[in-house]
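Asks: Below is the structure I would like to discuss, written out as structure tokens.
The values are calculated or read from the model by the stated rules, or taken from the named source; none is laboratory data. Bear in mind the structure is a predicted one, so any value in this text is a computation, not a measurement. Reconstructed Cβ throughout: ideal geometry from the backbone, glycine too, with neighbour counts over all protein chains shown.
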Amino acid sequence: MATVTENMKMASDDVAAIDQLGTVYQQLKSELGKIIVGQQEVIERLAICLFARGHALLMGVPGLAKTLLISRLAETMSLDFSRIQFTPDLMPMDITGTDILQDSAGGKREFEFVKGPVFANIVLADEINRAPAKTQAAMLEAMQEHKVTVVGKTFMLSQPFFVLATQNPVEQEGTYPLPEAQLDRFMFLIEVDYPHRDEEIQIARTTTGGVFPNLETIITGEQVMQFQDLVRRVPVPDHIYEFAVDLTRRSRPNSDEAPEWLKPLVGWGAGPRAVQYLILGAKARAALHGSYMVRLEDILEVAEPVLTHRVLTTFAAESEGLSSRDVVRRLVNDLSKEG
């Protein structure tokens, strides 16, 4: 217990900064609420990914305001936003940029690098599964390394750098599904669902009238990076680290810790990156909600978006109508009851 107590200590400056982050987060939600109806859980999970320096994969049918939400989020944060529409003929250079032969002042012709749309703070990779593997790989390399290499030259990307990719679950023809190893690069899988009836009525009223209002800038890119550093310093009790590790290890069907009911349903479980994102996501959520330490409720809230795309179900699970989300929910439920 002494170790936990020491870990719970925070500098007074960090305590004040967490209070400030909580206020900023409420202002962001209020500002986005002028345009976005509902989707509070989606907004929270996007904010968690942003302040934890993670990337997110959004899954949802067309027309659920995914693009609008991301562009307006960038507006409230005074960040550069770009959208890349992935198509089967999209090439890596269409994303990263390329050298173009230009006439110089001295009359000579020289190659000049023209930056692609990946050079932005917030990048929306729309329908990423529609592009071929080499284009997906170029995008994922930029996500992982925060830099791109073109014709032997390396260019650093602007910071902060946040990628949101979308996949359309209803159009599977002509797509190139992301391999499991590439899915693992995304911190969260955020499922965007249909709005409730009252929300849909409000959408009909607010979006068929005048022009959308301009949103106020709440936070700058420099402040975003300061809050990202702050999130890393949020203390975590020892039992939370243990919970994250135990939860992840139980998702692996070949592990001795895996429950018997899971073994025929799961073909592959989550790796160590899931543990890292569980902790970082819990830290970010705690800070957004004004908590000076990570609580169990924080890790319970981020467990589903972290683990769902990392737990691969078998044919036996599909035949029973069970999804990865169902398996993760049962795992979390069982472990939290034991605790």
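Asks: Give the residues of segment 152-180 that are at pLDDT below 75 and of a type in the set (A, V, I, L, M, F, W, C), sorted by residue number.
Replies: The answer is Val170, and nothing else.
Asks: In segment 130-156, which residues are crowded, with 20+ Cβ neighbours inside 10 Å, not basic (Lys, Arg) and not in a strand (DSSP E or B)?
Replies: Those that are crowded, with 20+ Cβ neighbours inside 10 Å, not basic (Lys, Arg) and not in a strand (DSSP E or B): Ala131, Thr135, Gln136, Ala138, Met139, Leu140, Ala142, Met143.
Asks: For residues that are in a helix (DSSP H, G or I) and either more than 17 Å from the chain's Cα centre (by Cα) or of a type outside the set (Val, Ile, Thr) (or both), tally how many sit in segment 279-325.
Replies: 27
Asks: Still on this model: Hey, Phe315 hits all of (1) closer than 17 Å to Glu180 by Cβ; (2) surrounded by 15 or more Cβ atoms within 10 Å (Cβ to Cβ); (3) without any contact (Cβ under 8 Å) to a residue 24 or more places away in the chain but one; which does it fall short on?
Replies: The one condition Phe315 does not meet is (2).
Asks: Name the single residue that is farthest from Arg53 (Cα to Cα) among those in segment 206-263 being of a type in the set (Asp, Glu) and assigned to a loop (DSSP other than H, G, I, E, B).
Replies: Glu260
Asks: Look at segment 226-242 and say how many of its residues are acidic (Asp, Glu) and in contact (Cβ under 8 Å) with a residue 12 or more places away in the chain.
Replies: Counting residues in segment 226-242 that are acidic (Asp, Glu) and in contact (Cβ under 8 Å) with a residue 12 or more places away in the chain gives 1.
Asks: When you check Ala137 against the structure, is it at pLDDT 80 or above, in contact with a Phe, Trp or Tyr (Cβ under 6 Å, 6 or more places away or on another chain), farther than 26 Å from Glu222 by Cα and small (Gly, Ala, Ser), yes or no?
Replies: no
Asks: Which numbered condition in (1) modelled with pLDDT under 90; (2) under 15 Å from the mean Cα position of the chain (by Cα); (3) under 27 Å from Leu157 (Cα atoms) is the only one that Ala56 fails?
Replies: (1)
Asks: Would you confirm, using the coordinates I've provided, whether Phe186 is touching a strand residue (DSSP E or B) at 6+ places or on another chain (Cβ under 9 Å) and surrounded by 14 or more Cβ atoms within 10 Å (Cβ to Cβ)?
Replies: Against the criterion (touching a strand residue (DSSP E or B) at 6+ places or on another chain (Cβ under 9 Å) and surrounded by 14 or more Cβ atoms within 10 Å (Cβ to Cβ)), Phe186 qualifies.
Asks: Residue by residue through segment 269-296, note down the ones that are among the charged types (D, E, K, R) and farther than 21 Å from Phe227 by Cα.
Replies: Within segment 269-296, just Arg273 meets the criteria.
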